[in-house]
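Colleague: Please read through the structure below; I'll follow up with questions.
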Amino acid sequence: MSSSLFELVFNGSPIGNYLLTPTPEATIIAVNDAFLKASSRRREDLVGISLFEAFPGNPADADDSGEAALRRSLARVVETGQPDPLPAQRYPIQVELPGGGVAYEERFWGAVSTPIFDDDGRIVCISHTTIDMTEQVNSAAALTESERRYRALATATEDVVYRMSPDWSHMRQLEGRGFLKDIAQPRRSWLEEFIPQEDQEGVNKAVHDAIRNKTIFQLEHRVRRVDGTCGWTASRAVPMLDADGEIYEWIGAASDITERKEAEQKLKDADRRKDEFLAMLAHELRNPLAPIGAAAELLQIANLDEARVRQTSQIISRQVAHMSQLIDDLLDVSRVTRGLVSLDKTPVDIRRVLMEAVEQVAPLIHAQRHHLELHLPPGATIVTGDKNRLVQVFVNILNNAAKYTPGEGRLELGADVEASRVVVSVTDNGVGMTPDVAAHAFELFSQAKRTPDRSSGGLGIGLALVRSLVELHHGTVSCESPGDGMGSRFVVCLPRACVEPVHSEGMRSSGSSAEPATSLRIMVVDDNVDAASALAMLLEALGHEVMVEHRPTRALQRAREAAPQVCLLDIGLPEMDGYELARRLRAAPETASSLLIAVTGYGQESDRESALAAGFDHHLIKPIDPKKLYSLLAEVSV
């Protein structure tokens, strides 16, 4: 080949090339146009000088090992007489800055050093071809970094990451993060393996719609988890499209939303129970209102004898007591669930608690003609607790047993004494419970299935109150039933106290006598005209002198004139509330020592404290218990 032709081939090559002397200095003999362009150098600046002088290493760059690697490669060529390739090698090159000075620009080069021999077999020069691989290396590094970030993200997230074939026939990859099983090999049976049978049709439909429309697949469905349980997932997959717009793969992620779904279901169940409770409460409140309304109408239109009037008033009293009990239960549940109940704990004999509970439920048991068996310990068994609240616990359980057992049923109340606890059980042969009802029996608003005559199902507050009160006593309560129509058993466990019994005060007279010891001057203040009039008539029937006012300002004036010994004040009054009225009455000399009684529909402990702070002596909740009122009036000295 002629020298001119060699020069044309040498300079026309698209691959950078220069010829070096086979010496340690590696002097540049020739350089082609492709290398000049790649290195941004001129031929006259390179030819005749050492390669390592033309392209010196950066002494400030500890990672710049390009010069040393190139020297070793050239030495191997001279030593072996064989070509020596170098992979992509980091070799920053020196560049001149526009404003003067020099800097090093990071470059990566792929190179092959080939020995050129003369006719005698001696190396006359080394052909050094180079390819600037900076762009490829940077692209590969960016891809590697992107993959590393993706892996970090996939590891950090709790989502499942998966890849699917275009038609979803194969699951190509699944990384479950402990939620679903990881897979390394493609799976054809992914649908049957991961999706419950009843959800497969919905998943298939959503998949086919996404494939047909080339849109994002997204669906909430149930899924088999790695622990064998069935949970919920929110799955979303994006179609990957090629240059022709065809799907070549799906990339998706699935979140474990089991806890959220369970929480949503609990909210739905609670909302349903609330609606059932409100409907039942309305029914329960209308029941006593019907006889009260009929009795009131009867008193207006008929000329009744004394016996019939007494019978009518007894009907009204019983129904009012029933309504009051419903309201008290509701308030109790509210106070307990908000942590506003404080217990008056003392050593209590559990036998006495159970006997008082039986005494309170006895009328219902007798009315239903039930047979009640008692199995109580022979001696005193002491627990530490609030006696009234413990009685309330067992009244509720016994009341449930009596209510949900058909007439002439069998009830059993037993108490077993163990070393550290007392176990009280109430067993009946009544309507029983299904497993799902038993599992939620102590939840607020939980009710059994109701029938039109209300022979089953209740307000759903009694047993919730039982559990809360028992837990406040550091005890436990549970229930079990073989099933519908097979009876129920409730068990309460209370810690046993290691103390001697404290003998409770004997049963006192209820003080229900309507005969007052002394006639008193009483002022009733209530803006509800009917309520004030009814209370006034009751007090007058007892022989008291009663004055009625409906406005606080008029009541203050009347009090200065008449100096009442007792003032019954409503709290929700116009102009000023009952608290302010009480403060002014207490400040007036005519009523400074009068007995002030708050009469209100607000029965929280905070309401009672507010009344006492305002100067009231007592706090009564509407409707007033006549026995309590008689007792308070009997204590007034003239």
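Colleague: What do you reckon, is A402 part of a helix (DSSP H, G or I), modelled with pLDDT of 90 or more and over 18 Å from R351 (Cβ atoms)? Walk me through how you get there before you give the answer.
Modeller: Numbers: part of a helix (DSSP H, G or I): yes; modelled with pLDDT of 90 or more: yes; over 18 Å from R351 (Cβ atoms): yes.
It is true that A402 is part of a helix (DSSP H, G or I), modelled with pLDDT of 90 or more and over 18 Å from R351 (Cβ atoms).
Colleague: Quick one: would you say T591 is surrounded by 16 or more Cβ atoms within 10 Å (Cβ to Cβ), without any contact (Cβ under 8 Å) to a residue 40 or more places away in the chain and out of contact with any strand residue (DSSP E or B) (no Cβ under 6 Å at 6 or more places or on another chain)?
Modeller: Numbers: surrounded by 16 or more Cβ atoms within 10 Å (Cβ to Cβ): yes; without any contact (Cβ under 8 Å) to a residue 40 or more places away in the chain: yes; out of contact with any strand residue (DSSP E or B) (no Cβ under 6 Å at 6 or more places or on another chain): yes.
For T591, the condition - surrounded by 16 or more Cβ atoms within 10 Å (Cβ to Cβ), without any contact (Cβ under 8 Å) to a residue 40 or more places away in the chain and out of contact with any strand residue (DSSP E or B) (no Cβ under 6 Å at 6 or more places or on another chain) - is met.
Colleague: Next question. Which ones in the range 112-136 are in contact with an Asp or Glu (Cβ under 9 Å, 6 or more places away or on another chain) and closer than 25 Å to N58 by Cα?
Modeller: V112, S113, T134
Colleague: Restricting attention to the range 109-130, and to residues there that are surrounded by 19 or more Cβ atoms within 10 Å (Cβ to Cβ) and among the aliphatic types (A, V, I, L, M), which single residue is modelled with the lowest pLDDT?
Modeller: A111
Colleague: Further question: Those residues that are of a type in the set (G, A, S) and in contact with a His (Cβ under 6 Å, 6 or more places away or on another chain), I need them from the range 403-443; list them, please. Steps first, answer last, please.
Modeller: Looking only at the range 403-443, we keep the residues that are of a type in the set (G, A, S), and these are 407, 409, 414-415, 419-420, 425, 430, 432, 438-439, 441.
Of everything in the range 403-443, those that are of a type in the set (G, A, S) and in contact with a His (Cβ under 6 Å, 6 or more places away or on another chain) turn out to be G409, G414.
Colleague: With respect to V383, is the statement that it is among the hydrophobic types (A, V, I, L, M, F, W, C), part of a strand (DSSP E or B), closer than 17 Å to A497 by Cβ and assigned by TED's automatic domain parsing to the domain that holds R489 true? Outline the logic, then answer.
Modeller: On the way: among the hydrophobic types (A, V, I, L, M, F, W, C): yes; part of a strand (DSSP E or B): yes; closer than 17 Å to A497 by Cβ: yes; assigned by TED's automatic domain parsing to the domain that holds R489: yes.
In short, yes.
Colleague: Considering only the range 414-443, state which residues are surrounded by 20 or more Cβ atoms within 10 Å (Cβ to Cβ) and farther than 16 Å from S478 by Cβ.
Modeller: G430, V431
Colleague: Within the range 395-443, track down each residue that is over 30 Å from P378 (Cβ atoms) and among the β-branched types (V, I, T). Walk me through how you get there before you give the answer.
Modeller: Let us first name the residues in the range 395-443 that are over 30 Å from P378 (Cβ atoms), namely 403-404, 406-407, 431-443.
Answer for the range 395-443, where residues must be over 30 Å from P378 (Cβ atoms) and among the β-branched types (V, I, T): V431, T434, V437.
Colleague: Hey, can you tell me all the residues within the range 435-475 that are of a type outside the set (A, V, I, L, M), at pLDDT 80 or above and over 29 Å from T384 (Cα atoms)? If you could, list the steps in order and put the result at the bottom.
Modeller: At the first step, the residues of the range 435-475 found to be of a type outside the set (A, V, I, L, M) are 435-436, 440, 442-443, 445-447, 449-458, 460, 462, 467-468, 471, 473-475.
Checking the rest, the ones that are also at pLDDT 80 or above come to 435, 467-468, 471, 473-475.
Passing the criteria: only P435.
Colleague: Which of the residues belonging to the range 375-385 are at pLDDT below 90 and surrounded by 13 or more Cβ atoms within 10 Å (Cβ to Cβ)?
Modeller: L376, P377, A380, T381
Colleague: Pull up the range 476-520, narrow it to residues that are basic (K, R) and either in the same structural domain as G414 (by TED's automatic domain parsing) or modelled with pLDDT of 85 or more (or both), then point me to the one that is farthest from the chain's Cα centre (by Cα).
Modeller: First, the residues of the range 476-520 that are basic (K, R): 489, 496, 508.
Imposing the further condition that a residue be either in the same structural domain as G414 (by TED's automatic domain parsing) or modelled with pLDDT of 85 or more (or both) reduces the set to 489, 496.
On the way: R489: 31, R496: 35 Å.
Only one residue tops the list, namely R496.
Yes/no per residue for (1) surrounded by fewer than 21 Cβ atoms within 10 Å (Cβ to Cβ); (2) within 22 Å of V529 (Cα to Cα):
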{"residue": "L556", "(1), (2)": "yes, yes"}
{"residue": "G572", "(1), (2)": "yes, yes"}
{"residue": "V599", "(1), (2)": "no, yes"}
{"residue": "H619", "(1), (2)": "yes, yes"}
{"residue": "K622", "(1), (2)": "yes, yes"}
{"residue": "S631", "(1), (2)": "yes, no"}
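Colleague: Let me ask something else. If I filter the range 82-100 for residues that are on the phi > 0 side of the Ramachandran plot, at pLDDT 85 or above, out of contact with any Ser or Thr (no Cβ under 9 Å at 6 or more places or on another chain) and not aromatic (F, W, Y), do I get at least one hit? Before the answer, list the steps.
Modeller: Applying the first criterion (on the phi > 0 side of the Ramachandran plot) to the range 82-100 yields 100.
Cutting the leftovers down to at pLDDT 85 or above gives us none.
No, the range 82-100 has no match at all.
Colleague: Take I301 and decide whether it is over 23 Å from K627 (Cα atoms), modelled with pLDDT of 75 or more and β-branched (V, I, T). Spell out how you get there, then give the answer.
Modeller: Details: over 23 Å from K627 (Cα atoms): yes; modelled with pLDDT of 75 or more: no; β-branched (V, I, T): yes.
Judged against the criteria, I301 is not a match.
Colleague: Here is a further query. Can you find a residue in the range 77-98 that is surrounded by 11 or more Cβ atoms within 10 Å (Cβ to Cβ), farther than 23 Å from P14 by Cα and not aliphatic (A, V, I, L, M)?
Modeller: yes
The values are calculated or read from the model by the stated rules, or taken from the named source; none is laboratory data. All values derive from a computational prediction rather than experimental measurement. When we count neighbours, we look across all protein chains shown, and the Cβ atoms used for this are built from the backbone with ideal geometry, even at glycine.
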